[in-house]
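Throughout, read-outs are computed from the coordinates displayed, never taken from laboratory work. Bear in mind that the values here come from a model prediction, so they are computed numbers and not experimental data. Don't worry about glycine lacking a Cβ; one is built from the backbone with ideal geometry, like all the others, and counts go over all protein chains shown.
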Amino acid sequence: MGSIAAVPTRIRNVESLIEAEPLSVELADRAATLITESISPIDDVRSTAEYRAHVAARIVRRILLDLLGAGSPPPSA
């Protein structure tokens, strides 16, 4: 994850969760919750820590749902 600390950070417990179970909507939800519980983002002039945690969880969930094929449909052109 980038933009949650001074340097990009691996969230190994979330990686382990994703590797241990078959991909599902429930897994995506649990991974998003675990991201929020596992990071301590920074506050700075560009964003608040609360917003960074929210976005990090949403990004992980959306990526997993996209891999599952359950994500939002792409925008129409």
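Going through segment 30-45 one residue at a time, which ones are in contact with a helix residue (DSSP H, G or I) (Cβ under 7 Å, 6 or more places away or on another chain) and either buried (at least 18 other Cβ atoms within 10 Å of the Cβ) or of a type outside the set (Val, Ile, Thr) (or both)?
ARG30, ALA31, ALA32, LEU34, ILE35, SER38, ILE39, PRO41, ASP43
Report, by residue number, each residue of segment 33-63 that is hydroxyl-bearing (Ser, Thr, Tyr) and either touching a Lys or Arg at 6+ places or on another chain (Cβ under 8 Å) or in a loop (DSSP other than H, G, I, E, B) (or both). Steps first, please.
Here is the first cut: in segment 33-63, the ones hydroxyl-bearing (Ser, Thr, Tyr) are 33, 36, 38, 40, 47-48, 51.
Those that are hydroxyl-bearing (Ser, Thr, Tyr) and either touching a Lys or Arg at 6+ places or on another chain (Cβ under 8 Å) or in a loop (DSSP other than H, G, I, E, B) (or both): SER40, THR48.
Does any residue in segment 1-13 that is more than 16 Å from ILE63 (Cα to Cα) come within less than 8 Å, Cβ to Cβ, of a residue that is of a type outside the set (A, V, I, L, M) and outside any loop (DSSP other than H, G, I, E, B) six or more places away or on a different chain, and which pairs are these?
SER3/SER47; SER3/ARG52; ILE4/ARG52; ASN13/SER38
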